[in-house]
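Reviewing the structure listed below.
The values are calculated or read from the model by the stated rules, or taken from the named source; none is laboratory data. Because the structure is predicted, anything quoted here is derived from the model rather than measured. Ideal geometry is used to build each Cβ from the backbone, glycine not excepted, and the neighbour counts take in all protein chains shown. Areas reflect the complete protein model, heavy atoms only, side chains present, ligands, DNA and RNA absent. Shrake-Rupley method; radii C 1.70, N 1.55, O 1.52, S 1.80 Å.
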Amino acid sequence: MNNSIGYFLKQWRKYRRYSQLQLSLELGISSKHVSFIETGRSSPSREMVLRIGEFLLLPKREVNRGLYLAGYAPVYTDLPVEHENLKPVFSAIDKMIENHMPYPALVLNQNWDVVKVNESANKLLVELGYFGHKNLIEALIFDDPKTSKIINWHETALSILVRLRHEISLSGGSSRQEELETKLALCLPANISGVNIDENQVVSPTIFSVGIDKLSFFSIISQLSTIQDVTVNQFRIELMFPSDEITKKFYIK
(Lines give C-alpha, C1' and ligand atoms only; values in the text may rest on other atoms or scores of the structure.)
Protein backbone atom coordinates (compact mmCIF):
# COMPACT_ATOMS: atom_id res chain seq x y z
CA MET A 1 0.00 0.00 0.00
CA ASN A 2 1.36 3.43 -0.97
CA ASN A 3 1.35 5.76 2.05
CA SER A 4 2.87 8.81 0.38
CA ILE A 5 1.15 12.19 0.58
CA GLY A 6 1.11 12.36 -3.24
CA TYR A 7 -0.76 9.06 -3.59
CA PHE A 8 -3.13 10.07 -0.77
CA LEU A 9 -4.07 13.36 -2.46
CA LYS A 10 -4.34 11.72 -5.89
CA GLN A 11 -6.75 9.08 -4.59
CA TRP A 12 -8.97 11.68 -2.96
CA ARG A 13 -8.90 13.88 -6.08
CA LYS A 14 -9.99 10.94 -8.22
CA TYR A 15 -12.56 9.92 -5.62
CA ARG A 16 -14.10 13.40 -5.80
CA ARG A 17 -13.97 13.20 -9.62
CA TYR A 18 -11.73 16.19 -10.26
CA SER A 19 -9.01 16.37 -12.92
CA GLN A 20 -5.55 17.71 -12.16
CA LEU A 21 -6.47 20.77 -14.24
CA GLN A 22 -9.60 21.48 -12.21
CA LEU A 23 -7.67 21.17 -8.96
CA SER A 24 -4.85 23.39 -10.21
CA LEU A 25 -7.29 26.13 -11.27
CA GLU A 26 -8.90 26.05 -7.83
CA LEU A 27 -5.52 26.25 -6.07
CA GLY A 28 -4.06 28.85 -8.43
CA ILE A 29 -1.10 26.66 -9.38
CA SER A 30 -0.13 24.83 -12.57
CA SER A 31 -1.43 21.37 -13.36
CA LYS A 32 2.25 20.41 -13.69
CA HIS A 33 2.76 21.34 -10.03
CA VAL A 34 -0.24 19.18 -9.05
CA SER A 35 1.28 16.32 -11.04
CA PHE A 36 4.63 16.79 -9.28
CA ILE A 37 2.92 16.68 -5.86
CA GLU A 38 1.02 13.51 -6.73
CA THR A 39 4.09 11.72 -8.12
CA GLY A 40 6.30 12.73 -5.20
CA ARG A 41 8.57 15.02 -7.22
CA SER A 42 7.41 17.99 -5.14
CA SER A 43 6.43 18.15 -1.44
CA PRO A 44 3.30 20.17 -0.58
CA SER A 45 3.46 22.77 2.16
CA ARG A 46 1.24 22.48 5.22
CA GLU A 47 -0.97 25.25 3.84
CA MET A 48 -1.26 23.44 0.50
CA VAL A 49 -2.40 20.22 2.19
CA LEU A 50 -5.04 22.20 4.10
CA ARG A 51 -6.21 24.03 0.96
CA ILE A 52 -6.54 20.78 -0.99
CA GLY A 53 -8.36 19.19 1.95
CA GLU A 54 -10.79 22.09 2.11
CA PHE A 55 -11.50 22.01 -1.63
CA LEU A 56 -11.98 18.22 -1.71
CA LEU A 57 -14.18 18.36 1.42
CA LEU A 58 -12.00 15.89 3.27
CA PRO A 59 -13.25 14.70 6.67
CA LYS A 60 -11.23 16.13 9.56
CA ARG A 61 -9.66 12.74 10.27
CA GLU A 62 -8.45 12.54 6.68
CA VAL A 63 -7.03 16.07 6.83
CA ASN A 64 -5.01 14.99 9.87
CA ARG A 65 -3.85 11.88 8.00
CA GLY A 66 -2.77 13.95 5.00
CA LEU A 67 -0.79 16.31 7.24
CA TYR A 68 0.90 13.35 8.95
CA LEU A 69 1.87 11.80 5.60
CA ALA A 70 3.33 15.15 4.53
CA GLY A 71 5.39 15.37 7.73
CA TYR A 72 3.28 17.94 9.60
CA ALA A 73 1.46 17.91 12.92
CA PRO A 74 -2.31 17.32 12.86
CA VAL A 75 -4.56 20.35 13.08
CA TYR A 76 -7.61 18.65 14.65
CA THR A 77 -7.71 16.99 18.07
CA ASP A 78 -8.59 13.32 18.61
CA LEU A 79 -9.50 13.25 22.28
CA PRO A 80 -10.85 10.33 24.34
CA VAL A 81 -14.57 10.77 24.94
CA GLU A 82 -14.00 11.23 28.68
CA HIS A 83 -11.62 14.17 28.15
CA GLU A 84 -12.37 17.30 30.15
CA ASN A 85 -12.48 19.51 27.03
CA LEU A 86 -15.34 17.47 25.57
CA LYS A 87 -17.60 17.79 28.63
CA PRO A 88 -19.50 20.86 27.28
CA VAL A 89 -20.15 18.97 24.02
CA PHE A 90 -21.47 15.85 25.75
CA SER A 91 -23.48 17.99 28.15
CA ALA A 92 -25.19 19.61 25.14
CA ILE A 93 -25.79 16.20 23.51
CA ASP A 94 -27.29 14.84 26.75
CA LYS A 95 -29.58 17.85 27.04
CA MET A 96 -30.65 17.53 23.41
CA ILE A 97 -31.67 13.88 23.61
CA GLU A 98 -33.31 14.28 27.03
CA ASN A 99 -35.31 17.28 25.83
CA HIS A 100 -36.58 15.08 23.00
CA MET A 101 -38.46 12.90 25.46
CA PRO A 102 -40.97 11.28 25.36
CA TYR A 103 -39.78 10.34 21.85
CA PRO A 104 -36.71 8.20 21.11
CA ALA A 105 -33.31 9.77 20.41
CA LEU A 106 -29.97 8.09 19.71
CA VAL A 107 -26.38 9.21 19.24
CA LEU A 108 -24.39 7.15 16.71
CA ASN A 109 -20.76 7.32 15.68
CA GLN A 110 -19.39 7.06 12.13
CA ASN A 111 -19.65 3.26 12.16
CA TRP A 112 -23.23 3.26 13.50
CA ASP A 113 -22.20 2.19 16.99
CA VAL A 114 -24.67 3.38 19.62
CA VAL A 115 -22.94 6.02 21.77
CA LYS A 116 -25.88 7.33 23.79
CA VAL A 117 -29.67 6.93 23.95
CA ASN A 118 -32.45 8.54 25.92
CA GLU A 119 -34.85 6.48 28.04
CA SER A 120 -37.45 6.17 25.30
CA ALA A 121 -34.93 4.89 22.76
CA ASN A 122 -33.56 2.46 25.33
CA LYS A 123 -37.04 0.98 25.82
CA LEU A 124 -37.55 0.71 22.07
CA LEU A 125 -34.22 -1.09 21.57
CA VAL A 126 -35.13 -3.55 24.32
CA GLU A 127 -38.55 -4.13 22.70
CA LEU A 128 -36.88 -4.83 19.35
CA GLY A 129 -34.36 -7.22 20.89
CA TYR A 130 -31.55 -4.90 19.77
CA PHE A 131 -30.30 -3.89 23.21
CA GLY A 132 -27.49 -6.46 23.33
CA HIS A 133 -25.97 -5.12 20.10
CA LYS A 134 -23.46 -2.29 20.21
CA ASN A 135 -23.93 -1.56 16.51
CA LEU A 136 -27.32 -0.57 15.08
CA ILE A 137 -26.73 -1.95 11.56
CA GLU A 138 -25.38 -5.20 12.98
CA ALA A 139 -28.54 -5.53 15.05
CA LEU A 140 -30.60 -5.06 11.90
CA ILE A 141 -28.51 -7.68 10.05
CA PHE A 142 -29.05 -10.27 12.79
CA ASP A 143 -32.78 -9.51 12.97
CA ASP A 144 -34.92 -12.01 11.06
CA PRO A 145 -37.24 -10.05 8.72
CA LYS A 146 -39.91 -12.77 9.12
CA THR A 147 -40.13 -12.33 12.89
CA SER A 148 -38.81 -8.79 13.27
CA LYS A 149 -40.78 -6.21 15.19
CA ILE A 150 -39.87 -3.78 12.42
CA ILE A 151 -42.92 -4.35 10.22
CA ASN A 152 -41.35 -2.82 7.11
CA TRP A 153 -37.94 -4.40 7.70
CA HIS A 154 -36.89 -4.57 4.02
CA GLU A 155 -37.84 -0.96 3.33
CA THR A 156 -36.02 0.18 6.49
CA ALA A 157 -32.92 -1.86 5.64
CA LEU A 158 -32.86 -0.43 2.11
CA SER A 159 -33.20 3.13 3.43
CA ILE A 160 -30.32 2.57 5.87
CA LEU A 161 -28.21 0.96 3.14
CA VAL A 162 -28.69 4.04 0.95
CA ARG A 163 -27.72 6.29 3.87
CA LEU A 164 -24.65 4.19 4.63
CA ARG A 165 -23.47 4.26 1.03
CA HIS A 166 -23.94 8.03 0.92
CA GLU A 167 -21.87 8.41 4.10
CA ILE A 168 -19.12 6.23 2.65
CA SER A 169 -19.09 8.32 -0.54
CA LEU A 170 -18.62 11.51 1.50
CA SER A 171 -16.06 10.27 4.01
CA GLY A 172 -14.18 7.71 1.96
CA GLY A 173 -15.50 5.06 4.32
CA SER A 174 -13.84 2.95 6.98
CA SER A 175 -13.20 -0.78 6.79
CA ARG A 176 -16.00 -1.23 9.34
CA GLN A 177 -18.47 0.81 7.27
CA GLU A 178 -17.61 -1.16 4.15
CA GLU A 179 -18.01 -4.45 6.04
CA LEU A 180 -21.45 -3.41 7.29
CA GLU A 181 -22.45 -2.19 3.81
CA THR A 182 -21.56 -5.57 2.28
CA LYS A 183 -23.37 -7.58 4.96
CA LEU A 184 -26.50 -5.43 4.90
CA ALA A 185 -26.70 -5.55 1.09
CA LEU A 186 -26.64 -9.38 1.26
CA CYS A 187 -29.71 -9.28 3.52
CA LEU A 188 -31.79 -7.65 0.80
CA PRO A 189 -33.28 -9.35 -2.27
CA ALA A 190 -31.01 -9.59 -5.30
CA ASN A 191 -33.74 -7.80 -7.23
CA ILE A 192 -33.83 -4.61 -5.15
CA SER A 193 -36.81 -3.34 -7.14
CA GLY A 194 -38.82 -5.96 -5.31
CA VAL A 195 -38.64 -3.80 -2.19
CA ASN A 196 -41.56 -1.41 -2.41
CA ILE A 197 -41.18 2.13 -1.07
CA ASP A 198 -44.12 4.45 -1.46
CA GLU A 199 -42.57 7.45 -3.20
CA ASN A 200 -45.74 9.50 -2.72
CA GLN A 201 -45.11 9.73 1.02
CA VAL A 202 -43.63 12.92 2.42
CA VAL A 203 -41.39 10.80 4.65
CA SER A 204 -40.47 7.11 4.57
CA PRO A 205 -41.29 5.90 8.09
CA THR A 206 -40.03 2.95 10.06
CA ILE A 207 -42.96 1.02 11.51
CA PHE A 208 -42.57 -0.95 14.74
CA SER A 209 -44.81 -3.54 16.34
CA VAL A 210 -44.90 -2.75 20.07
CA GLY A 211 -47.41 -4.91 21.93
CA ILE A 212 -50.75 -4.41 20.20
CA ASP A 213 -49.66 -1.07 18.73
CA LYS A 214 -48.02 -0.14 15.44
CA LEU A 215 -45.71 2.81 15.95
CA SER A 216 -44.52 4.82 12.95
CA PHE A 217 -41.50 7.16 13.05
CA PHE A 218 -39.40 9.34 10.79
CA SER A 219 -36.03 10.74 11.82
CA ILE A 220 -34.28 14.09 11.76
CA ILE A 221 -30.50 13.70 11.91
CA SER A 222 -28.15 16.34 13.32
CA GLN A 223 -24.38 16.34 12.88
CA LEU A 224 -21.77 18.14 14.97
CA SER A 225 -20.00 19.67 11.99
CA THR A 226 -18.56 22.65 13.90
CA ILE A 227 -16.82 20.43 16.47
CA GLN A 228 -13.08 20.34 15.77
CA ASP A 229 -12.41 16.95 17.39
CA VAL A 230 -12.20 14.23 14.73
CA THR A 231 -14.15 11.57 16.64
CA VAL A 232 -17.00 13.65 18.06
CA ASN A 233 -17.28 15.53 14.76
CA GLN A 234 -18.53 12.30 13.19
CA PHE A 235 -21.28 11.71 15.78
CA ARG A 236 -24.87 11.89 14.54
CA ILE A 237 -27.88 12.64 16.71
CA GLU A 238 -30.97 10.86 15.46
CA LEU A 239 -34.24 12.32 16.74
CA MET A 240 -37.26 10.12 16.04
CA PHE A 241 -40.66 11.79 15.55
CA PRO A 242 -44.15 10.27 15.26
CA SER A 243 -45.35 10.10 11.67
CA ASP A 244 -48.99 9.51 12.60
CA GLU A 245 -51.49 10.35 15.34
CA ILE A 246 -51.52 6.81 16.75
CA THR A 247 -47.82 7.00 17.53
CA LYS A 248 -48.16 10.50 18.96
CA LYS A 249 -50.96 9.42 21.29
CA PHE A 250 -48.97 6.34 22.39
CA TYR A 251 -46.32 8.64 23.87
CA ILE A 252 -48.53 11.50 25.06
CA LYS A 253 -50.56 9.88 27.81
Lone unmet requirement of (1) open to solvent by 30 Å² or more (accessible area, probe 1.4 Å); (2) within 30 Å of Ser222 (Cα to Cα); (3) modelled with pLDDT of 95 or more for Tyr72: (2)
Condition met for Glu38 (farther than 16 Å from Gly6 by Cβ and either in contact with a helix residue (DSSP H, G or I) (Cβ under 9 Å, 6 or more places away or on another chain) or not basic (Lys, Arg) (or both)): no
Hey, Val230 in a loop (DSSP other than H, G, I, E, B), out of contact with any Leu (no Cβ under 8 Å at 6 or more places or on another chain) and modelled with pLDDT of 85 or more or not: yes
Output yes when any residue across the stretch 101-120 is open to solvent by less than 40 Å² (accessible area, probe 1.4 Å), among the aliphatic types (A, V, I, L, M) and assigned to a helix (DSSP H, G or I), and no when none is. no
Filter the stretch 144-166 for residues that are in contact (Cβ under 8 Å) with a residue 40 or more places away in the chain and in a helix (DSSP H, G or I); which is farthest from Ile212 (Cα to Cα)? Leu164
Within the stretch 8-80, helices (runs of 4 or more DSSP H) holding 3 or more residues that are under 21 Å from Gln228 (Cβ atoms) and under 27 Å from the mean Cα position of the chain (by Cα): 46-55, 60-69
From the residues in the stretch 209-253 that are more than 25 Å from Asn109 (Cα to Cα) and aliphatic (A, V, I, L, M), which one is least open to solvent (accessible area, probe 1.4 Å)? Leu215
Among (1) free of Cβ contacts under 8 Å to residues at least 60 places away in the same chain; (2) in a loop (DSSP other than H, G, I, E, B); (3) crowded, with 17+ Cβ neighbours inside 10 Å, the one test that Leu125 misses: (2)
Per the list (1) of a type in the set (Phe, Trp, Tyr); (2) open to solvent by less than 50 Å² (accessible area, probe 1.4 Å); (3) over 27 Å from Asn64 (Cα atoms), residue check on Phe131 breaks on (2)
Please name all residue pairs, on different chains or six or more residues apart, with Cβ atoms under 8 Å, provided the first residue is in the stretch 64-87 and is farther than 30 Å from Gly40 by Cα and the second residue is among the hydrophobic types (A, V, I, L, M, F, W, C) and in a loop (DSSP other than H, G, I, E, B). Asn85/Leu79; Leu86/Leu79
Where Ser193 falls short, out of the listed (1) part of a loop (DSSP other than H, G, I, E, B); (2) over 15 Å from the mean Cα position of the chain (by Cα); (3) at pLDDT below 85: (1)
Ser169 - would you say it is modelled with pLDDT under 90 and either over 22 Å from the mean Cα position of the chain (by Cα) or surrounded by fewer than 18 Cβ atoms within 10 Å (Cβ to Cβ) (or both)? yes
So which pairs qualify, if the first residue must be in the stretch 194-216 and aromatic (Phe, Trp, Tyr), the second must be at pLDDT 90 or above and in a strand (DSSP E or B), the Cβ gap must be under 8 Å, and the two must be at least 6 apart or on different chains? Phe208/Ile150; Phe208/Lys214; Phe208/Leu215; Phe208/Ser216; Phe208/Phe217
Among what's in the stretch 12-52 and is in contact (Cβ under 8 Å) with a residue 12 or more places away in the chain and of a type in the set (Phe, Trp, Tyr), pick the residue that is farthest from Gly172 (Cα to Cα). Tyr18
